[in-house]
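Peer 1: The structure follows.
The values are calculated or read from the model by the stated rules, or taken from the named source; none is laboratory data. Values in this document were obtained by computation on a predicted structure and should not be read as measured data. Neighbour counts run over all protein chains shown; Cβ positions are idealised from the backbone, glycine included.
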Amino acid sequence: MKTKGNTILMTGGGSGIGEALAHRFHDRGDTVIIVGRRQDALDRAAAGRANIHTATLDVEDAAAVAAFAGRIVADFPALNVLFNNAGIMTFEDLTGHRDLADAETTVAINILGPIRLTNALIDHLVRQPDAAIVTVTSGLAHVPMIAAPTYSASKAAIHSYTVSLRTQLADKVEVIELVPPGVQTDLTPGQADRPGYMPLEAFADAVAAQFAQTPTPSEILVDEVQFLRQAEREGRFDATLKTLTERAARQRAGDAA
């Protein structure tokens, strides 16, 4: 991925990781289109930045995604980077019958959203010089948080999908996977101030530094995520799952206190 001069479409760009990275890319000389459901959040994230543009989209809506892709290519014909960042996370109790609305929404946004948007833009991207697709997964793709089973499974699915996408698009479009650890954002209640999670600005700085490398790593891994990313490879998956489960339970208990 070029180190400046890209035109980047960033989903989930109105807050959290998407907003922080949109600012980093803008500051290095990229044009960024931030996308989300709420125009007020997008306007706040773009304020004072001439080369950050905004567009609303509900990635759950397949027809809206297809229509959006046509408009965005017409408005920004130089678009060469798709950054699939939008996602949600909810906690779920699997021990009894339940309403599956949250799980189904998670699948629609976290899995079908990036698949649909990638599909809608792929014919354009393969014609662009220096094209790239970035998928945002999670350390939980490699060791699940059992309190967020559908979220963890959705990120594992997109990790696998990214491997296939990278292989099929070799020599056509660069495919990069960003694997965050727990970051202090509003992804879940209380997370923005939760001890033990990586501060958002520090995470964004570390990620931006890796995107400044030539060539760009195929996986963007900050130090804080290696505990999860390498757990199975290093033969400590079960111990890591136990540690993660116990730590998450303590954090949720502290949030409720």
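Peer 1: Would you tally the residues in segment 217-227 being more than 17 Å from the chain's Cα centre (by Cα) and either touching a residue at least 40 places away in the same chain (Cβ under 8 Å) or buried (at least 17 other Cβ atoms within 10 Å of the Cβ) (or both)?
Peer 2: 1
Peer 1: Out of everything in segment 154-176 that is in contact with a Ser or Thr (Cβ under 7 Å, 6 or more places away or on another chain) and without any contact (Cβ under 8 Å) to a residue 40 or more places away in the chain, what residue ends up being surrounded by the fewest Cβ atoms within 10 Å (Cβ to Cβ)?
Peer 2: So, considering only residues that are in contact with a Ser or Thr (Cβ under 7 Å, 6 or more places away or on another chain) and without any contact (Cβ under 8 Å) to a residue 40 or more places away in the chain, the one surrounded by the fewest Cβ atoms within 10 Å (Cβ to Cβ) is His159.
Peer 1: Can you name the condition, by its number, that Thr56 falls short on among (1) in contact (Cβ under 8 Å) with a residue 60 or more places away in the chain; (2) surrounded by fewer than 18 Cβ atoms within 10 Å (Cβ to Cβ); (3) β-branched (Val, Ile, Thr); (4) touching a strand residue (DSSP E or B) at 6+ places or on another chain (Cβ under 9 Å)?
Peer 2: Going through the list (1) in contact (Cβ under 8 Å) with a residue 60 or more places away in the chain; (2) surrounded by fewer than 18 Cβ atoms within 10 Å (Cβ to Cβ); (3) β-branched (Val, Ile, Thr); (4) touching a strand residue (DSSP E or B) at 6+ places or on another chain (Cβ under 9 Å), Thr56 breaks only (1).
Peer 1: Could you list all residues from segment 47-67 that are in contact with a helix residue (DSSP H, G or I) (Cβ under 8 Å, 6 or more places away or on another chain) and more than 22 Å from Asn110 (Cα to Cα)?
Peer 2: The answer is Arg49, Asn51, Ile52, His53.
Peer 1: Could I ask something else about it? Which members of segment 83-105 meet the condition of being over 13 Å from the mean Cα position of the chain (by Cα) and surrounded by 14 or more Cβ atoms within 10 Å (Cβ to Cβ)?
Peer 2: Thr90, Phe91, Glu92, Asp102, Ala103, Thr105
Peer 1: Which residue out of Asn85, Asn119 is under 15 Å from Gly12 (Cα atoms) and not acidic (Asp, Glu)?
Peer 2: Step by step, each of Asn85, Asn119 is checked, and only Asn85 is under 15 Å from Gly12 (Cα atoms) and not acidic (Asp, Glu).
Peer 1: Of the residues Val73, Val65, Val59, only one is touching a Leu at 6+ places or on another chain (Cβ under 7 Å), among the aliphatic types (A, V, I, L, M) and modelled with pLDDT under 95; which?
Peer 2: Checking each option against the conditions leaves just Val59.
Peer 1: Restricting attention to segment 1-17, report how many residues are more than 16 Å from Asn80 (Cβ to Cβ) and part of a loop (DSSP other than H, G, I, E, B).
Peer 2: Result for segment 1-17: 4.
Peer 1: Just checking, which of Arg98, Arg116, Arg24, Arg28 is without any contact (Cβ under 8 Å) to a residue 40 or more places away in the chain and among the charged types (D, E, K, R)?
Peer 2: Arg98
Peer 1: Let me ask another. Just to be sure I understand, how many residues within segment 121-141 are assigned to a loop (DSSP other than H, G, I, E, B) and more than 12 Å from the chain's Cα centre (by Cα)?
Peer 2: 6
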